[in-house]
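Enquirer: Structure in structure tokens, see below.
Read-outs throughout are calculated quantities, based only on the coordinates presented, and are distinct from any laboratory measurement. The model shown is predicted, which means the values in this text are computed figures rather than measured ones. Cβ coordinates were reconstructed from backbone atoms using ideal geometry, including for glycine residues, and neighbour counts include every protein chain displayed.
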Amino acid sequence: MQKLLNWLFPTQCVACGQGRDPVCSGCKPVFAPSHFVRGEQQLTALTEFEGSFKNLLEGYKDKNLVSLKPPLVELLRLQLARAETPRFDLVMVPPRNSKNYRKRGFDPALEIARGGCGRNIVRSFRATRKLQDQRTLSARRRIENVAMSFYAGDLSGRRVLLFDDVCTTGATMLEMARASRASGAQVAASWVLAQRI
């Protein structure tokens, strides 16, 4: 029972192993938005994918440490509160990766978006074919893997905010933007929690 409780509610910081909280005050993610371009797509990263933040996100995604979700949600809430956020009707996240979902039991980007933006305005794209896990692919193969593969239904007249957890090459965000426009939506902004440097 104690092992289960430690897994659900870590008694020390997942990033540095110190303190008595899942994420100590020294390792909480730094809200430091940066803007960058992938293809023709303007993106905003809320922090960088390195150091304690990398440990935090990987702990949540790959070790199923669900107690690490709140500081990730807080980054998104800070962006909504502090930035000149463009008006949007809907938040769109990438399609669920079935293999990763079976392993984790949850969809990280979807859960963070729902926590930060509200459950009722968050939807996932659907994949029109089976996709490989992007993390295992080269930059060129990532683009090929997702090209022309997302579908969102009819989004005519909607302003969408695109959201994902990490941006490496930008292939997923570019496909999300293409699919949004193909569905009749206007892309208001594209945000990721972190940019991989």
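Enquirer: Round to the nearest 10 and give me the degree value, 0 to 90, for the angle of helix 108-117's Cα axis relative to the longest principal axis of the chain.
Expert: Compared with the principal axis, the helix lies near 90 degrees.
Enquirer: Lysines near K63 by alpha-carbon distance under 23 Å, same-chain residues fewer than 8 away left out - which ones?
Expert: Here the lysines satisfying the reach criterion relative to K63 are K3, K28, K54, K99, K103.
Enquirer: Computed from these coordinates, which is semi-axes √(5λ) of the Cα gyration tensor in Å: (1) 28, 19, 16; (2) 32, 19, 15; (3) 31, 24, 13?
Expert: Only one listed value fits the structure, namely (1).
Enquirer: With the Cα gyration tensor of segment 53-118 giving a ≥ b ≥ c as the square roots of its eigenvalues, does the rule (a/c under 1.5 for rounded; else a/b larger than b/c for prolate; else oblate) give rounded, prolate or oblate?
Expert: oblate
Enquirer: For a footprinting-style exposure proxy, rank C167, C24 by other Cβ within 10 Å, fewest first.
Expert: Neighbour counts put them in this order, fewest first: C24, C167.
Enquirer: On a full-extension model of 0.36 nm per residue, what is the gain between S25 and D154, subtracting their alpha-carbon distance, rounded to one decimal in nm?
Expert: Additional length available on full extension: 42.1 nm.
Enquirer: I need the shape label for segment 63-165. Rule: rounded when a/c is under 1.5, else prolate if a/b > b/c, else oblate, with a, b, c from the alpha carbon gyration tensor.
Expert: oblate
Enquirer: Same structure again: Taking the DSSP beta bridges in segment 2-195 as the whole, what percent of them are antiparallel, to the nearest 5?
Expert: The answer is about 30 percent antiparallel.
Enquirer: Still on this structure, please answer the following. Specify which residue in the list A182, G118, V160 is farthest towards the positive end of the charge dipole of the chain, using unit charges on the beta carbon of Lys, Arg (+1) and Asp, Glu (-1), about the Cα centre.
Expert: A182
Enquirer: Put +1 on the Cβ of every Lys and Arg and -1 on every Asp and Glu Cβ in segment 2-195; which of L78, P108, L57 then has its Cα farthest towards the positive end of the dipole?
Expert: Looking along the dipole axis, the top candidate is P108.
Enquirer: Please order I143, I197, I121, I112 by the number of other Cβ within 10 Å, starting at the fewest.
Expert: Starting with the residue having the fewest Cβ neighbours, the order is I197, I121, I143, I112.
Enquirer: Ok, one more. Step through the residues of segment 85-96 one at a time and calculate ³J(HN,Hα) from phi using the Karplus curve (6.51 cos²θ - 1.76 cosθ + 1.60, θ = phi - 60°), rounding each to whole Hz and writing x for Gly and Pro.
Expert: Karplus values, whole Hz, x for Gly and Pro: 6, x, 5, 9, 9, 8, 10, 10, 10, x, x, 5.
Enquirer: Among the aspartates and glutamates, which have Cα under 14 Å from the Cα of K130 when same-chain residues fewer than 8 positions away are ignored?
Expert: E144
Enquirer: Counting Lys and Arg as +1 and Asp and Glu as -1, each charge on the Cβ, what is the dipole of segment 25-74 about the Cα centre in debye, to the nearest 20?
Expert: 160
Enquirer: Continuing with this model, one more query. For segment 85-197, what is the charge dipole size about the Cα centre, in debye to the nearest 20, if Lys and Arg each add +1 at the Cβ and Asp and Glu each add -1 at the Cβ?
Expert: 300
Enquirer: May I pose another question? Only four residue types carry charge here, +1 at the Cβ of Lys and Arg and -1 at the Cβ of Asp and Glu. Report the dipole size of the chain about the Cα centre in Debye, rounded to the nearest 20.
Expert: Here the size comes out at about 580 debye.
Enquirer: Something else: On full extension of the chain, what length is gained from T136 through R123, given 0.36 nm per residue of separation minus the C-alpha to C-alpha distance?
Expert: My answer for the length gained is 2.1 nm.
Enquirer: Normalised by the residues of segment 2-195, what does the relative contact order come to in percent, with Cα pairs under 8 Å and at least six apart?
Expert: Contact order relative to length: 22 percent.
Enquirer: On to the next question. Could you work out the helix-only [θ] at 222 nm for the chain, with each DSSP H run of four or more residues adding -39,500 (n - 2.57) and the total divided by the number of residues, to the nearest 500 deg cm²/dmol?
Expert: -10500 deg cm²/dmol
Enquirer: Using 0.36 nm per residue of separation minus the Cα-Cα distance, give me the extension gain between L78 and A147 in nm, one decimal.
Expert: Full extension of this stretch gives 21.7 nm more.
Enquirer: Still on this structure, please answer the following. Please order L68, L137 by the number of other Cβ within 10 Å, starting at the fewest.
Expert: If I rank by nearby Cβ atoms, fewest first, I get L137, L68.
Enquirer: Where does helix 69-82 land angle-wise versus the long Cα axis of the chain, in degrees 0 to 90, nearest 10?
Expert: 50
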